[in-house]
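Down below is the structure, laid out as structure tokens.
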Amino acid sequence: MSPRQFQVRELFVALDRAKPTPLARQLEEQLREAIQSGRLATGQQLPSTRMLADELGISRGVVVRAYAQLGAEGYLAVRQGAYHHVTAVRTPQLAIAPPAETKRERVRYDLRPERPDVTQFPRRQWQRSLRQALLTATDAEVGYSDEHGLRPLREEIARYLARARGLAVTADSVVITAGSTHALTMIARVLHVRGEREIAFENPSHRILHSVARRNGLEPLGIPVDDEGLVVDELRRSGASAVVVSPAHQFPTGLAYGTARRTELLRWAEDCNGLIVEDDYNASFRYDGTPLGALQALAPERVAYIGSTSETLAPGLRLGWTVLPAHLVESVAGEIGLTILHLAALEQLALADFVRRAEFDRHLRRMRGVYRHRRDLLVRGLQQELPQLAVSGIAAGLHVVLELPSTAEEEEARERVSRAGIAVQTVSEHALPGYQGRRGLLIGYGAVHEQALERAALDLAAAVEGSAKLPDKRAGITRVA
């Protein structure tokens, strides 16, 4: 028996065209049962979509849809241009069920807003960079190294940010971090040591950042956001001397700051000797044109710029950077030295090589096309199924906002969607006290492949439509950029 025959026949798949159940659903269910029962073990490779389709006498699209669904559910690692393999084995439920309160709904579709597609991570290119780092690293670089980060990476990041985001930056102003959250943690610690007890945030903004501030002795102050960005007059009235903003693509509302609002914010920093922490978390993913340059380029001594590889490459890399005003560089680097001493050297050198060989640019260019297509699919599906609700957010990033009339409808819709096995977040989850803005579901499209995303949009729309009273379908609203 050839390897090809062995791989396909070991799946024990039998499709029945006489059944009303679609062939893709039959294939999906049988493969899922084989994984759950242990007949397909963790790590076992599956036939290619073309090979399985030929063996079963079905179209390749049927296999593609089944694999995509199982990938969305976490059963398969679905990688473009490579064989798929089993990533998790679900064991049969024990005879004695756990208490009801410990049961959790199975997630069929992960539509949380900050999830990138890690299956697209360029493994071969990264392996080449990692091997290059291993072969060329000096003894000093793999010893106790500079708390600022290794010089080769700081130089490459400085060149990249100057070219791609227009920053006024040199290697000496760059500090390498374990990601954006780590960078904010270090900056918050420095501000606390210097006597600050409050820090302003856009309201709403990411809840994790609020927690970071509190854990480092700073009380987060919520400043309202309107259609142009953070309301600077409210920031002035707050008395805060530092503020965290994401002007290129505000989270979670999905808006981009207007030019006038950016200028007004910089004027605030100049007038009160304030600090702007610019979280440029996914500015690389703009689909309808080139985003405005970073604020840091206009006032490098007033802005601390932070970014990372978490959404652009993969969260597991744990690498990021911050570009700091001169008065913060040594203090922030010193905090890193007092906590983790320094970051892993080989990964830093690998990223430096990866950026130097333009692999980072190539990956971003490819992923912009992938994410733009997925966004279009999601938006089109939501507009067709829920025309009475606005879908908002500029054409950027990894999520859109499905707006809902009130907090009550938002919470009920989230619960119904969760019961349908779909993981989403809400605007309210990221709101600070006093928030009075729009409500809605944050729906991500980064981590779900196209075939599964279309079905996810239909299932989500059905769950939302079954929740509390919504506007009449005839009153269609659209606010998508």
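The values are calculated or read from the model by the stated rules, or taken from the named source; none is laboratory data. Please read these numbers as outputs of a predicted model, since none were measured by experiment. Virtual Cβ from ideal backbone geometry, glycine too; neighbours counted across all protein chains shown. With ligands, DNA and RNA removed, areas are computed over all heavy atoms of the protein, side chains included. Shrake-Rupley method; radii C 1.70, N 1.55, O 1.52, S 1.80 Å.
For (1) in contact (Cβ under 8 Å) with a residue 12 or more places away in the chain; (2) farther than 17 Å from residue 331 by Cα; (3) not in a strand (DSSP E or B), each residue gets a yes or a no:
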| position | (1), (2), (3) |
| --- | --- |
| 169 | yes, yes, yes |
| 189 | yes, no, yes |
| 199 | yes, yes, no |
| 208 | yes, yes, yes |
| 214 | no, yes, yes |
| 223 | yes, yes, no |
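Show the residue pairs that are 6+ apart or on different chains and have beta-carbon atoms under 9 Å apart, the first residue being within region 143-160 and over 20 Å from residue 331 (Cβ atoms), the second being of a type in the set (D, E, K, R) and assigned to a helix (DSSP H, G or I).
From region 143-160, the pairs are 152/353; 152/356; 156/353; 156/356; 159/356; 160/361.
Working only within region 349-369, note down all residues that are under 14 Å from residue 122 (Cα atoms), among the hydrophobic types (A, V, I, L, M, F, W, C) and touching a residue at least 12 places away in the same chain (Cβ under 8 Å).
350, 351, 354, 355, 360, 364, 367
Pairs under 6 Å by beta carbon, first residue farther than 26 Å from residue 228 by Cβ and free of Cβ contacts under 8 Å to residues at least 60 places away in the same chain in region 392-418, partner open to solvent by less than 70 Å² (accessible area, probe 1.4 Å) and assigned to a helix (DSSP H, G or I), six or more apart or different chains?
Every condition considered, the pairs that remain are 413/464; 416/463; 417/460; 417/463.
Of the residues 50, 60, only one is closer than 27 Å to residue 111 by Cα and at pLDDT 80 or above; which?
Unique residue meeting the criteria: 60.
Find all pairs meeting these conditions: Cβ atoms under 8 angstrom apart; at least six residues apart or on different chains; first residue within region 27-38 and under 13 Å from residue 71 (Cα atoms); second residue buried (at least 18 other Cβ atoms within 10 Å of the Cβ) and basic (Lys, Arg).
Close Cβ pairs satisfying both conditions: 28/65.
Just to check your reading of the model, which residue among 240, 248, 283 is in a loop (DSSP other than H, G, I, E, B) and touching a His at 6+ places or on another chain (Cβ under 7 Å)?
On the way: 240 fails: touching a His at 6+ places or on another chain (Cβ under 7 Å); 248 fails: touching a His at 6+ places or on another chain (Cβ under 7 Å).
Going through 240, 248, 283 in turn, just one is in a loop (DSSP other than H, G, I, E, B) and touching a His at 6+ places or on another chain (Cβ under 7 Å): 283.
Out of (1) outside any helix (DSSP H, G or I); (2) in contact (Cβ under 8 Å) with a residue 12 or more places away in the chain, the odd one out for residue 290 is which?
(2)
Do we have any residue at all in region 426-440 that's open to solvent by less than 10 Å² (accessible area, probe 1.4 Å), part of a helix (DSSP H, G or I) and within 17 Å of residue 400 (Cα to Cα)?
The answer is yes, given that some residue of region 426-440 is open to solvent by less than 10 Å² (accessible area, probe 1.4 Å), part of a helix (DSSP H, G or I) and within 17 Å of residue 400 (Cα to Cα).
Report, by residue number, each residue of region 19-63 that is in a loop (DSSP other than H, G, I, E, B) and hydrophobic (A, V, I, L, M, F, W, C).
40, 41, 46, 58
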